[in-house]
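Every read-out reported here was derived from the displayed coordinates using simple, explicitly stated rules and does not represent laboratory data. The structure displayed is predicted, hence computed values, not measured ones. Neighbour counts run over all protein chains shown; Cβ positions are idealised from the backbone, glycine included.
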Amino acid sequence: MAVETLSPDWEFDRVDDGSQKIHAEVQLKNYGKFLEEYTSQLRRIEDALDDSIGDVWDFNLDPIALKLLPYEQSSLLELIKTENKVLNKVITVYAALCCEIKKLKYEAETKFYNGLLFYGEGATDSSMVEGDCQIQMGRFISFLQELSCFVTRCYEVVMNVVHQLAALYISNKIAPKIIETTGVHFQVTEICSSQSFKVWNSGRKAKAI
């Protein structure tokens, strides 16, 4: 029995082929309608805002801004170099203390300022349910513990600074001096966002005792 081959007209259903085409056209129209509505919505938002604010969205007028800050790759010991080894040690101590104070200041501004300023804000006593104050205070205990450690660390650093300054200055003329700084002027400068110190000798060089 011979098997008849199917003609190309029977390989696809003409009815289904037409329905798929119609369905694709409907979806395309819906997508175009969505884009038109979305574009008009963006235009309404842009018109509602100020013109100066709308200019920020223009890439040509205001591209991405890059904040460039110089960063010193050299270490603190490399920045502090003089011909006198004793003077190098003295300046290194004060430079390290200044860096520690700078880190403590940054930690206070970023970690503790907002917590202390805005504690208890945003809710009135009448709107709070019974027990909310206790829960809020319980969550704040860990913050207070970290703050207590931070204050203790600040106290230790300040005491160290005072002791180092007192050790450098000796009022008794008979007592041996650590270093003779007569005629030497120190100028503290900040270079490349890091505390670095340069020494200028306006008189004679520091003389180690």
Separation between the SER142 and ALA108 pseudo-spin-labels, each 7 Å from Cα along Cα→Cβ, expressed in nm?
-> 2.5
Distance in nm between pseudo-label sites at ALA96 and LYS21 (7 Å out along the Cβ direction from Cα) | 8.5
For the modelled label position 7 Å from the Cα of TYR119 along Cα-to-Cβ, which residues of segment 139-160 have backbone nitrogen atoms closer than 20 Å?
-> 139-155
Difference of contour (0.36 nm per residue) and Cα-Cα distance, LEU168 to TYR31 | 41.5 nm
